[in-house]
Amino acid sequence: MREKLEQIKSSALEAINNASDLKVLEDLRVQYLGKKGELTAVLRGMKDLTAEERPVVGQMANEVREALEIALADKKVGLESEAVNQKLKEEVIDITMPGRKMPKGHMHPLHKTLEEVQNIFLGMGYEIVDGREVETAYYNFDALNLGEEHPARDEQDTFYFTNNLVLRTATSPVQVHTMEEQELPIRMVAPGRVYRSDESDATHSPIFHQIEGLVIDKNITFGDLKGVLAEFAKKFFGDKVQVKFRPHYFPFTEPSAEVDVSCVMCGGKGCNVCKGSGWIEILGCGMVHPKVLEMAGIDPTKYQGFAFGMGLERLTMLKYDINDLRLFYENDVKFLSQF
């Protein structure tokens with residue numbers, strides 16, 4: 001058995017020394033030191049030795065194992081070093097070659113508009129409030145004075161999960177939650193995605209973005225609303241823009257109005273964008289209906305407020321003269337790279 005151990009040691013050391021790569025080295029480790037390896041097989045035969053031979057052979061076997069383990073470790077270090085050097089040689093970088101220019105990304109035009117609008121209202125002392133996109137029918141309709149039988153509710157018909165759970169049709173529910181939860185006075189804007197069951201075309205989409213504003217305080221008047229929106233229009237479209245308020249109807253505000261600005265394309269002279277009128281509608285607004293205040297737990301005899309809402313896509317289309325809303329969502333790099 002001692003001769004067998006010497007033979008194993010001699011052949012193993014020679015094979016380890018001649019190993020050409022790490023895979024061959026690992027195969028040799030398994031061949032000699034694995035559970036079914038040659039050295040292991042020899043050790044299993046020690047049970048047939050006499051009591052005097054066992055310690056001698058056992059010591060010799062341990063010495064052989066130790067020698068092989070040291071040889072394997074030394075060879076592994078050498079082969080790993082060679083592999084690294086070879087890799088460095090193959091992957092050498094020619095610093096004289098021109099580098100590859102990586103294209104730079106930039107903000108989506110909708111996000112640019114959103115950031116600009118938010119900054120305008122932040123500068124006027126408003127806070128940005130976010131809210132959930134899945135709402136109860138109460139907060140999406142009833143709390144905004146849109147009862148189940150109200151005809152205006154059909155115009156805002158949306159996507160239903162259940163009879164009482166819907167995808168919000170506007171960011172107005174954020175205003176209701178804020179009125180219920182936040183201490184007065186309130187001065188906030190609520191941007192976000194909204195959903196309506198519209199067919200997709202050049203001016204409509206089942207998913208779009210709104211930004212709505214709300215102010216609740218004592219002695220708030222329609223004059224305050226006009227001043228805020230006139231200031232917004234001038235900051236967003238430029239100092240030369242004119243603002244016009246037209247009476248309108250919204251169930252959650254009274255009195256209500258739609259706001260037009262002088263056409264940003266022709267300066268109010270009349271063109272195909274404004275259909276010759278010189279004016280373009282940009283948003284709806286009004287004084288918060290007393291019933292809406294009452295449902296939110298606010299006394300309308302002490303507090304008044306105004307609200308307004310605008311479509312982010314519409315503002316962006318006007319600002320950048322875009323004629324098809326679908327372009328925002330098609331991910332066409334040629335279109336997006338213009339902004």
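How much of the DSSP bridge set in the chain is antiparallel, in percent, rounded to the nearest 5?
Beta bridges within the chain, antiparallel portion: roughly 95 percent.
May I ask for the angle, rounded to the nearest 10°, between helix 109-123 and the longest principal axis of the chain, with both axes built from Cα atoms and the value confined to 0 to 90°?
Roughly 60 degrees between the two axes.
Of the candidates A296, A12, A170, which one comes out as most mobile in a Gaussian network treatment of the chain with C-alpha springs shorter than 10 Å?
Maximum fluctuation in the GNM of the chain, among the listed residues, is at A12.
If I fit a long axis through the Cα atoms of helix 53-90 and take the longest principal axis of the Cα atoms of the chain, what angle between them do I get, 0 to 90°, rounded to 10?
Tilt relative to the chain: about 50 degrees.
Under a point spin-label approximation (7 Å from Cα along Cα-to-Cβ), what is the S277-H106 distance to one decimal in nm?
Rounded to a tenth, the inter-label distance reads 3.3 nm.
Order 258-266, 95-103 from most to least packed using the mean count of other Cβ atoms within 10 Å.
258-266, 95-103
In percent, what relative contact order does the chain have, based on Cα pairs under 8 Å that are 6 or more apart in sequence?
14
Mind checking which lysines have their C-alpha under 26 Å from K101, skipping anything on the same chain fewer than 8 residues away?
Here the lysines satisfying the reach criterion relative to K101 are K87, K89, K112, K334.
Between 0 and 90 degrees, rounded to the nearest ten: what's the tilt of helix 222-237 against the longest Cα principal axis of the chain?
50
Provide the per residue accessible area, probe 1.4 Å, for the range 222-339, rounded to a whole number of square angstrom.
Result: 51 Å² per residue.
Below 13 Å, Cα to Cα, which aspartates and glutamates can K35 reach? Residues fewer than 8 away in the same chain don't count.
The reachable aspartates and glutamates, counting only those whose Cα sits under 13 Å from K35, are D27.
For the chain, which whole-number percentage of the solvent-accessible area (1.4 Å probe, protein heavy atoms only) is attributable to carbon and sulfur atoms?
After summing per-atom areas, the C and S share lands at 51 percent.
Taking the full set of protein chains and a 1.4 angstrom probe, give the accessible area of H106 in square angstrom, rounded to the nearest 10.
Surface open to solvent at H106 totals about 100 Å².
Can you pick out the pairs among K269/K319; K235/K291; K218/K244; K9/K36 whose Cα atoms lie more than 22 Å from each other?
Where the Cα-Cα span goes over 22 Å, the pairs concerned are K235/K291; K218/K244.
Before rounding to the nearest 500, sum -39500 (n - 2.57) across all DSSP H runs of length at least 4 in the chain and divide by the residue total; then give [θ] at 222 nm in deg cm²/dmol.
Value at 222 nm, helices only: -13000 deg cm²/dmol.
Considering only protein heavy atoms, what is the solvent-accessible area of L327 at a probe of 1.4 Å, reported in Å² to the nearest 10?
Around 50 Å² of this residue is reachable by solvent.
Quick test of your reading: applying the under-4.7 Å Cβ rule, which cysteines of the chain are isolated?
Among the cysteines of the chain, those whose Cβ sits 4.7 Å or more from every other are C285.
Along each principal axis of its Cα atoms, how long is the range 69-164 end to end? Whole angstroms, biggest number first, please.
Taking max minus min along each principal axis of the Cα atoms, the range 69-164 gives 87, 41, 27 Å.
Note the listed values (i) 1.45; (ii) 0.94; (iii) 1.06, then indicate which one is Rg/Rh (Cα atoms, Kirkwood Rh) calculated from this particular structure.
Computed from these coordinates, Rg/Rh (Cα atoms, Kirkwood Rh) corresponds to label (i).
What whole-number distance in Å separates the alpha-carbon centres of the range 56-113 and the range 244-265?
First find each Cα centre; the distance between them is then 68 Å.
By accessible area of protein heavy atoms, probe 1.4 Å, what ranking do M310, M60, M107 get, highest first?
Largest to smallest exposure gives the sequence M107, M60, M310.
So if each residue of separation counts as 0.36 nm, and I subtract the Cα-Cα distance between E116 and V24, what length gain in nm does that give?
Extending this stretch completely gives an extra 26.7 nm.
The values are calculated or read from the model by the stated rules, or taken from the named source; none is laboratory data. From a predicted model like this one, the values you see are computed outputs, not experimental measurements. Quick reminder, even Gly has a Cβ in these numbers, built from the backbone with ideal geometry, and neighbours come from all protein chains shown. These area figures cover heavy atoms from the full protein model, side chains too; ligands, DNA and RNA do not enter into them. Shrake-Rupley method; radii C 1.70, N 1.55, O 1.52, S 1.80 Å.
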